1. Considering only the stretch 29-50, how many residues are under 11 Å from the mean Cα position of the chain (by Cα) and open to solvent by 70 Å² or more (accessible area, probe 1.4 Å)?
2. Considering only the stretch 93-105, I want to know if a residue exists there that is among the basic types (Lys, Arg), modelled with pLDDT of 95 or more and assigned to a loop (DSSP other than H, G, I, E, B).
3. Residues being of a type in the set (Ser, Thr, Tyr) and modelled with pLDDT under 95: count how many of those fall in the stretch 37-59.
4. Mind listing whichever residues of the stretch 55-67 are surrounded by 15 or more Cβ atoms within 10 Å (Cβ to Cβ) and assigned to a strand (DSSP E or B)?
5. Can you find a residue in the stretch 106-124 that is open to solvent by 50 Å² or more (accessible area, probe 1.4 Å), assigned to a strand (DSSP E or B) and either in contact with a Ser or Thr (Cβ under 9 Å, 6 or more places away or on another chain) or touching a residue at least 12 places away in the same chain (Cβ under 8 Å) (or both)?
6. Could you grab me the full set of residues in the stretch 10-23 that are part of a helix (DSSP H, G or I) and either open to solvent by 70 Å² or more (accessible area, probe 1.4 Å) or without any contact (Cβ under 8 Å) to a residue 24 or more places away in the chain (or both)?
7. Please work out which one of (1) open to solvent by 20 Å² or more (accessible area, probe 1.4 Å); (2) closer than 20 Å to ALA112 by Cβ is the condition HIS6 fails and give its number.
Amino acid sequence: MATTIHIRSYHLDGYGHVNNARYLEFLEEARWAWFEAGGLLPLLGDTKLVVARIDIRYRRSATEGDRLDIHSRLSDIQPRRLQVSQSIILQSTGKVCVEAEVSLMAVLNGRAVSLSPELQQQLTLLPTP
């Protein structure tokens, strides 16, 4: 499953391209759309999945009018964390704009907790590109 973002003028910085911080928002939107499509949200209950670490590589810029496809896949799962690999691809060329590895921690009442067995199972069933 891919999430598509259409780049508009308000996404741009003073240099006329998408700012690095905006890509983080695009990645987050895609992760939550992916989790929602995979039926994950009801299993979370009061547990939050919070970003613990992001390793991001910027390959090329996107500008107004571009359409970006964001692909997400589960790359690792541990009792208290999961890692998601994400790519942002320019629709027009198929070239990679951004690659990211995102580590998420399960948190409940401000403390790291283990992912429930049901949540772990559902994570492994999430669709991949």
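The values are calculated or read from the model by the stated rules, or taken from the named source; none is laboratory data. Please read these numbers as outputs of a predicted model, since none were measured by experiment. With ideal geometry, Cβ positions are generated from the backbone for all residues, glycine too; neighbour counts draw on all protein chains shown. Each accessible area value is taken on the protein alone, full model and side chains, heavy atoms only, with ligands, DNA and RNA left out. Shrake-Rupley method; radii C 1.70, N 1.55, O 1.52, S 1.80 Å.
1. 2
2. So the first thing to find is which residues in the stretch 93-105 are among the basic types (Lys, Arg), and the list is 95.
If we keep only those that are modelled with pLDDT of 95 or more too, we end up with 95.
From what's left, assigned to a loop (DSSP other than H, G, I, E, B): 95.
Checked against the condition, which is being among the basic types (Lys, Arg), modelled with pLDDT of 95 or more and assigned to a loop (DSSP other than H, G, I, E, B), the stretch 93-105 yields at least one hit.
3. Of the stretch 37-59, the ones of a type in the set (Ser, Thr, Tyr) are 47, 58.
Among the residues that remain, those that are also modelled with pLDDT under 95 are: 47.
Total meeting the criteria: 1.
4. Applying the first criterion (surrounded by 15 or more Cβ atoms within 10 Å (Cβ to Cβ)) to the stretch 55-67 yields 56, 61-62, 66.
Within the stretch 55-67, ILE56 is the sole residue that qualifies.
5. Scanning the stretch 106-124 turns up at least one residue that is open to solvent by 50 Å² or more (accessible area, probe 1.4 Å), assigned to a strand (DSSP E or B) and either in contact with a Ser or Thr (Cβ under 9 Å, 6 or more places away or on another chain) or touching a residue at least 12 places away in the same chain (Cβ under 8 Å) (or both).
6. Within the stretch 10-23, the subset part of a helix (DSSP H, G or I) is 10-11, 20-23.
Listed by number, the residues that qualify are TYR10, ASN20, ALA21, ARG22.
7. For HIS6, the failing item is (2).
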